[in-house]
Amino acid sequence: MILCPARLRTALVIGLGVSGAALAQQPAPPAAAADATPKHSCTHPEEFPGKLASETRLKTWQKDFVAYIDCLKKFYDDQQALAKPHVDAANAAVVEYNNGVKEYNETMQKAKDN
């Protein structure tokens with residue numbers, strides 16, 4: 001099939017437009033990753049002193065252990081709060097992706113039916 005110059009020009013414009021649109025839709029590069037995975041600074045208490053230990057020593061150990069658990073919980077809560085915007089953004093992208101695929105499929109089905 002031989003294209004006349006007007007059709008050739010139209011085909012080129014359409015082809016360049018499609019390739020330009022494809023380039024414009026490339027996802028942004030991911031943000032620079034942190035140098036290291038966050039690590040808590042909670043201090044694990046010494047071993048359980050045993051039931052023969054003095055009441056003062058048992059209470060001190062218990063207090064230290066509760067402080068350790070509270071520190072871990074705070075670290076967890078802080079990390080969850082930092083991650084929430086990223087999780088929300090990822091979930092929004094999934095919803096947008098699903099809607100886009102649905103729209104594409106509906107458009108292709110309409111084109112096929114016509």
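Could you say which residue among Asn99, Asn91 is under 14 Å from the mean Cα position of the chain (by Cα) and either surrounded by 11 or more Cβ atoms within 10 Å (Cβ to Cβ) or not acidic (Asp, Glu) (or both)?
Asn91
Within the set of pairs 6 or more residues apart or between chains, which connect a residue that is in contact (Cβ under 8 Å) with a residue 40 or more places away in the chain and outside any helix (DSSP H, G or I) inside region 39-65 to a residue that is small (Gly, Ala, Ser) and surrounded by 11 or more Cβ atoms within 10 Å (Cβ to Cβ) with Cβ atoms less than 7 Å apart?
none
The numbers here are math on the coordinates, done by the rules we state, and not lab data. Just so we're clear, the structure is a prediction, and the values are computed from it rather than from any experiment. Cβ: placed from backbone, ideal geometry, glycine included. Neighbour counts: every protein chain shown.
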